[in-house]
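Asks: After the structure tokens below, expect a handful of questions from me.
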Amino acid sequence: MIGMDRRTGRAVSDTEQLISRLGQVMTTPKGARNRLRDFGSDVLKYYSANITPTTALLMKSAASDALTEPVNGLLDFECSKINIHPREAGCVMEFVGVFNGKTETVSVPLNV
């Protein structure tokens, strides 16, 4: 599948497109789109809190829910593990799973 990176506007495919789609879904609050109310995730609800083990678990749960929502268009990615790595300016979510028949590990920055 070929898509467009929302930040640069250049064409992306394969793993780059997966990273772009994951970033878009994880940083869009659920209900923010008028015609697609189910698009997005609840990850940002917990983003402003200090990242404790409890907050990280809530963020992972929200991300997992977003991955299984058909309107998000991520059903072609079978996620097996989600990690959260705090950074000075936000955090990075790391997704491990099968995409296009290959096991992929992709990192998505959440510095919104």
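Each reported figure results from applying straightforward, stated rules to the coordinates on display, with no laboratory input. Being a predicted model, the structure only gives us computed values, none of them experimental. Positions of Cβ are generated from backbone atoms using ideal geometry, with glycine treated the same way; all protein chains shown enter the neighbour counts.
Asks: Taking amide hydrogens as modeled 1.01 Å from N in the peptide plane, which residues meet the under 5 Å criterion relative to residue 92, leaving out close sequence neighbours?
Replies: Sorted by chain and number, the residues that satisfy this are 85, 87, 110.
Asks: Among (i) 13.7; (ii) 14.3; (iii) 17.3, which one is Kirkwood radius over Cα pairs in Å computed from these coordinates?
Replies: Computing Kirkwood radius over Cα pairs in Å and matching it to (i) 13.7; (ii) 14.3; (iii) 17.3 gives (ii).
Asks: Something else about it: Among 54, 4, 32, whose Cα lies farthest out toward the positive end of the dipole of region 2-109, if unit charges sit on the beta carbon of Lys, Arg (+1) and Asp, Glu (-1)?
Replies: With unit charges placed on the Cβ atoms, the residue in question is 32.
Asks: Sticking with this one: Please get the size of the charge dipole for region 42-112, origin at its Cα centre, with Cβ charges of +1 on Lys and Arg and -1 on Asp and Glu, quoted in debye to the nearest 20.
Replies: 180
Asks: As I understand it, the value is the acute angle between the Cα axis of helix 14-27 and the longest principal axis of the Cα atoms of the chain; what does it come to in degrees, rounded to 10?
Replies: 40
Asks: Taking the simple approach of a point 7 Å from Cα along Cα-to-Cβ for both residue 32 and residue 51, what is their distance in nm?
Replies: Result: 1.8 nm between the two label points.
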